[in-house]
Amino acid sequence: MSISSKLVHNFSAGPSALPKKVIEIIKTDFPNWNQSGMSIIEVSHRSKEFVGVALQAEKNLRKLLNIPDNYHVLFLQGGASLQFSMIPMNLSKSNSSVDYAITGSWGKMAVAEAKKFTKVNIVCDSCASGYTSIINEKEWIKSEEADYVHITSNETIAGVEYHFDPETNGVPLVTDASSTLLSRSLDVDRYGLIYAGAQKNIGPAGLTIVIIKNSLIKNNKAKIPALLDYRNYLEKQSMYNTPPVFSWYVAGLVFEYLINLGGLEVVENINIKKSNLLYDFIDRSDLYSNPVEKSCRSRMNVPFLLKDKDLENTFLIDSLNAGLANLKGHRSVGGMRASIYNAIEVEAVQDLISFMKDFEQKYG
Ligand SMILES: *Cc1c(COP(=O)(O)O)cnc(C)c1O
C-alpha cells in the first residue's frame, strides 16, 4: 500500500511534527497573508505587520513560560549548535572556567565548542553508563568559580531528561532545552540562559530561541563578531539582520495554539500520559526494551531496542506501511526511537503501541 496518499503519524526527532491545526492555518493564510495580497515570506521584516507578528510571538512565549521581566527573549538563527559557540563567547570571562555536565551526545558537542574559547571543567559525565543515567548532583565536581554551569535538559538521541533543576548556588545555570522547551512548565528564574532550536516543539528549523537574564548581557565586555553578539540582537529587537520570518511566524502560531490548549500544565499532563503509556508497554514486553534509568527517562524521545537486531528492518518497513513514520533510531545508537513531541497526540501513541503489540505477536 502506498503511504503517499494518506497522513501518517510522524515520530521524527527533528524537524518534527507540527500541530495539524497550525498546518491548516498556514495553508489557508499563506497566499494572501493578513489581506496584504502577499505571503508572509514576501513582506519586509520591518513592516508594521511583521513587527506585530514578532511582538505577539514574544508576548505569547512569555505568557506560556511565565518569563519574568528581567529576562530577554531573543529570536536568533544558527540552530542550537550555534549556541554551543555563542554561549562561551558571550558569557565566559578571561582567566576563569565554565562547568559542563555531560549526559549525552549533544552535551559533548557543546563542550567541544566551548573548549575553543575558554577553560572547560566537566562536572559529571555519565559515559560509564552508556549515557543512560544522570549522575547524582551531589557528586558533581564544580569549579571554585565558574562563569556558568551548562546542562542539556533532554538528550534527544539517548532519551535522557532532567526531571529537576540543578542547584548552582548563584552560578548562572545554562541549558540546552532544544527538545524539551514547551513540553512542560519550567521555572525560568532558576536559569541564567535557556536555549532551543525551533524544530522540535516550536516550529520550523532556522529559528533559535534564547531566553537570557538581563544581567548576563549587560556585564559582557568581550569583543565578539556582530552576528554572534547577544547585545546586537537585544538592541535591535532580534532584527540586527533579516530574521527567519517564516519560522518566527509559525512559532507564533504554535504559541497561540498551546495557549488555546490551556497552557503548559495541560501540555505537560498530556506528555506524561503519552510517555507513560509507551514506557509501560515497553517494560512489560519481551521483545522491546529501553535502557534508560527510570528517573531520567525522556518524555519526548523514547528510544527502544528489539531483542533480535535482525528484526529491525522488518519493523521499519512494516511500521511505515502502517502509517507510522520515522521510527529509526539515531545512527550513533541504533535501534528505534519514537519522538513524541507536543504535536503527537495520545491516539498516535496508542496506534504505535498497538502496532508494536501485533508485531511482537507475529515475530516475538
Ligand atoms: C536537535 C538538537 C540540537 C541541534 O540543533 P540544531 O538546531 O540542528 O543546531 C542540539 N541540542 C539538542 C538537545 C537537540 O535536540
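The values are calculated or read from the model by the stated rules, or taken from the named source; none is laboratory data. Just so you know, these numbers come straight off a predicted model, no measurement behind them. Virtual Cβ from ideal backbone geometry, glycine too; neighbours counted across all protein chains shown. Side chains are part of the model used for accessible areas, which takes the heavy atoms of the whole protein and leaves out ligands, DNA and RNA. Shrake-Rupley method; radii C 1.70, N 1.55, O 1.52, S 1.80 Å.
The amide H of residue 123, built 1.01 Å from its N in the peptide plane, has 100, 101, 102 as neighbours under 5 Å, considering only residues 5 or more places off or on other chains.
Close amide H contacts of residue 338 (hydrogens built in the peptide plane, cut-off under 5 Å, sequence separation of 5 or more or a different chain): 302, 304.
What do you get for trypsin sites (Lys or Arg not before Pro) in segment 287-332 restricted to DSSP loop and a cutoff of at most 14 other Cβ within 10 Å of the site's Cβ?
Filter output for segment 287-332: 307, 331.
Please compare each pair in 27/200; 20/115; 138/357; 27/362; 63/357 to a cut-off of 31 Å on the Cα-Cα distance and tell me which ones are over it. Going by Cα-Cα distance, 20/115; 138/357; 27/362; 63/357 fall outside the 31 Å limit. Peptide packing for 180-191, 256-267 was compared via the average number of neighbouring C-beta atoms within 10 Å per residue; ordered from the highest value, the list is 180-191, 256-267. For segment 200-265, the calculated P(r) over all alpha carbon pairs, in 10 Å bins from 0 to the bin holding the longest distance, is 17, 41, 30, 11, 1 percent. A Cα-only calculation for segment 31-261 places Rg and Dmax at 17.9, 60 Å. Taking a sphere under 11 Å around the Cβ of residue 88 and counting the other residues whose Cβ falls inside, with K and R at +1 and D and E at -1, yields a net charge of +2.
Restriction of the trypsin sites (Lys or Arg not before Pro) in segment 34-128 to DSSP coil positions whose beta-carbon has at most 16 other beta-carbons within 10 angstrom yields 46, 93, 115, 116. Averaged per residue, the chain has 46 square angstrom of accessible surface, using a 1.4 angstrom probe with ligands and nucleic acids left out. Label zone (residue 266, point 7 Å along Cα-to-C-beta; backbone nitrogen cut-off 14 Å) within segment 59-97: 64. Neighbours of residue 100 by Cβ distance under 10 Å: Lys/Arg scored +1, Asp/Glu scored -1, total 0. For the chain, there are no membrane-span-like helices by this rule, meaning no whole DSSP H stretch whose C-alpha atoms cover at least 30 Å of axis and whose Kyte-Doolittle mean is 0.5 or above; this says nothing about an actual membrane.
Rolling a 1.4 Å probe over the protein heavy atoms of the chain, with every protein chain left in place, gives an accessible area that is 51 percent carbon and sulfur.
Pull up the DSSP beta bridges for the chain and report the antiparallel fraction as a percent, rounded to 5. Don't jump to the answer; show the numbers that get you there.
Details: 21 of 39 bridges.
Around 55 percent of the beta bridges assigned by DSSP in the chain are antiparallel ones.
The HN-Hα couplings worked out from phi for segment 30-42 by the Karplus form 6.51 cos²θ - 1.76 cosθ + 1.60 (θ = phi - 60°) are 4, x, 9, 5, 6, 6, 8, x, 9, 8, 5, 7, 10 Hz, whole numbers, x standing for Gly and Pro.
Taking θ as phi - 60° and the Karplus parameters 6.51, -1.76 and 1.60, the scalar couplings of segment 230-238 work out to 3, 4, 5, 6, 5, 4, 10, 6, 6 Hz in sequence order, x denoting glycine and proline. Counting only other residues whose beta carbon sits under 11 Å from that of residue 300, what net charge do I get with K and R as +1, D and E as -1? Value of the local net charge: +4.
Residues whose amide H falls under 5 Å from that of residue 148, counting only those 5 or more places apart or on a different chain, are 99, with hydrogens built in the peptide plane.
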